[in-house]
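Notes to accompany the following structure.
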Amino acid sequence: MIAAGLLYLGLFALAAGMSRHAPALLGRWHAPRRVDRLPRAGWVLIALSLVAALLTPDWSRALVTWFGLAPLAAGIVLLSLAFAPRLARVSAVLAIGMAIVGLAFALAGAGAAA
């Protein structure tokens, strides 16, 4: 869940970092200073999602799942850009929630094991 949320956020940031898509995806948050930093942040989030997938006990299966989630998340960003940019923003908020909930479950599981 952590990897999926971070992957979506990374792809969202990459799309929002493009000057053509930034006004649609960021709305009133669109500012050239912010948009310039988004591609770098997007790549960092994508790398973190890959690391999160590789840190699981069943890392080989998580890696295959990560490669399957990448086109799915990109498709969600792409289709919402074309038809409903607001959906992409709502999905970004849901992705943040997924990452936080996944992290809470991971920490709870680590605390129970100790």
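The values are calculated or read from the model by the stated rules, or taken from the named source; none is laboratory data. If you're wondering where the values come from, they're calculated on a predicted model, not measured in any experiment. FYI the Cβ positions are ideal-geometry reconstructions off the backbone, even for glycines, and counts take in every protein chain you see. Accessible surface is based on the protein model in full, side chains and every heavy atom, while ligands, DNA and RNA are left aside. Shrake-Rupley method; radii C 1.70, N 1.55, O 1.52, S 1.80 Å.
Worth a mention:
- Contacts under 6 angstrom Cβ, first residue in the range 10-24 being without any contact (Cβ under 8 Å) to a residue 12 or more places away in the chain and farther than 19 Å from I46 by Cα, partner aromatic (F, W, Y) and open to solvent by 30 Å² or more (accessible area, probe 1.4 Å), 6 or more apart: none
- Tally of residues being part of a helix (DSSP H, G or I), at pLDDT 85 or above and open to solvent by less than 40 Å² (accessible area, probe 1.4 Å) across the range 1-37: 14
- The range 70-114, residues that are within 23 Å of L54 (Cα to Cα) and basic (K, R): none
- With respect to the conditions (1) open to solvent by less than 70 Å² (accessible area, probe 1.4 Å); (2) in contact with a Phe, Trp or Tyr (Cβ under 9 Å, 6 or more places away or on another chain); (3) under 12 Å from F12 (Cβ atoms), I46 falls short on a single one, namely (2).
- Residue tally, condition open to solvent by 70 Å² or more (accessible area, probe 1.4 Å), of a type in the set (F, W, Y) and within 13 Å of the chain's Cα centre (by Cα), over the range 53-77: 0
- Every condition in (1) open to solvent by 50 Å² or more (accessible area, probe 1.4 Å); (2) under 16 Å from Y8 (Cβ atoms) is met by L107 except one, and the failing one is (2).
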